[in-house]
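Reading through the structure tokens given below for one structure.
The values are calculated or read from the model by the stated rules, or taken from the named source; none is laboratory data. Fair warning: this is a prediction, and the values are worked out from it, not measured in the lab. For neighbour counting, all protein chains shown are included, and Cβ atoms are generated from backbone atoms with ideal geometry for every residue, glycine included. Side chains included, ligands, DNA and RNA excluded: accessible areas come from the protein's heavy atoms. Shrake-Rupley method; radii C 1.70, N 1.55, O 1.52, S 1.80 Å.
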Amino acid sequence: DSYLHDMSLLDHFECLLASTNIAATAKPELKHYMVTQLFDSYLDNFIISEDTKIRKASWELIANLSTEIPLLVKFFNWDAEAARKRFDLSMQLLQSGEVNLQATIAIFLLHSTDIEPLAAQIVSDDDKFKTLIDILTDIFSTQLHEKSLILPMEYVLLNLAIATANHSEKNLSSLSTNTRLKNCCGNILRSGGEEEREVIIEVIKTCQFK
């Protein structure tokens, strides 16, 4: 592996793109192997790279690997400080205003919250839940025209709403009384595409807005 450390930024970028393409169609066994070989040695540094192309390509690879538990542990094992910091970093970058990067992280969160215990973990942490709902609401308020971002974030919101209904009466109540979020959902219902409207209807039903 030592030669990898001597590669240029362009080399790293091209390797990340190639790995992302492989991960997009790889079987779980290969994805698992990619996580064990790449994350700790390379991706963990690349996701905070000052080079925006490297950073975005790293998150694209992570999004393609985020159906795999070994990858998700790196972000959701909150007993470990490093995992908490990675999750918090994903929240920061979700607010970056870089639409392509935001959409990539939205896909990562969609895959994560599709796994019910991980959605439950988020809604059971009041601070992290509130942070994510606030970010979602900001995105719906200011970036409604960014279709590649809005639809996956709608699915994330639906997954979280279902999890609150099953695991956190307190946070379900906070959703139902969130007037700003309710208004954003109404805007999507009026102006969104067919799938966007279908998802947001399910959100509205689940949140039981007051």
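For the range 140-157, residues that are among the aliphatic types (A, V, I, L, M), surrounded by 22 or more Cβ atoms within 10 Å (Cβ to Cβ) and under 18 Å from Ala119 (Cβ atoms) total 3. Total residues in the range 57-70 satisfying the condition of being part of a helix (DSSP H, G or I) and surrounded by fewer than 21 Cβ atoms within 10 Å (Cβ to Cβ): the figure is 2.
Touching a Phe, Trp or Tyr at 6+ places or on another chain (Cβ under 7 Å) and surrounded by 16 or more Cβ atoms within 10 Å (Cβ to Cβ): is that true of Thr104 in this structure?
So Thr104 fits the description; yes.
Quick check on the range 74-94. Is at least one of its residues open to solvent by less than 50 Å² (accessible area, probe 1.4 Å), small (Gly, Ala, Ser) and touching a residue at least 40 places away in the same chain (Cβ under 8 Å)? Checked the range 74-94: no residue is open to solvent by less than 50 Å² (accessible area, probe 1.4 Å), small (Gly, Ala, Ser) and touching a residue at least 40 places away in the same chain (Cβ under 8 Å).
In the range 74-128, the qualifying residues are those that are of a type in the set (Gly, Ala, Ser) and under 12 Å from the mean Cα position of the chain (by Cα), and the one that is nearest to Gln143 (Cα to Cα) is Ala103.
Checked against the criterion of being surrounded by 13 or more Cβ atoms within 10 Å (Cβ to Cβ), in contact with a Ser or Thr (Cβ under 8 Å, 6 or more places away or on another chain) and within 18 Å of Leu149 (Cα to Cα), the candidates Leu189, Leu181 yield just one match: Leu181.
Scanning the range 154-189 for residues that are within 16 Å of Asp127 (Cα to Cα), of a type outside the set (A, V, I, L, M, F, W, C) and assigned to a helix (DSSP H, G or I) gives Thr164, His167, Glu169, Lys170, Asn171, Ser173, Ser174. Confirm whether Lys74 is under 23 Å from Thr20 (Cα atoms) and modelled with pLDDT under 95. No. Checked against (1) modelled with pLDDT of 95 or more; (2) buried (at least 17 other Cβ atoms within 10 Å of the Cβ); (3) of a type outside the set (S, T, N, Q), His167 passes all but a single condition, namely (1). Residues of the range 95-125 that are part of a helix (DSSP H, G or I) and without any contact (Cβ under 8 Å) to a residue 24 or more places away in the chain: Pro117 alone. Return the total of residues in the range 142-188 being of a type in the set (Phe, Trp, Tyr) and either touching a residue at least 60 places away in the same chain (Cβ under 8 Å) or touching a Cys at 6+ places or on another chain (Cβ under 8 Å) (or both). Looking only at that region, the number is 0.
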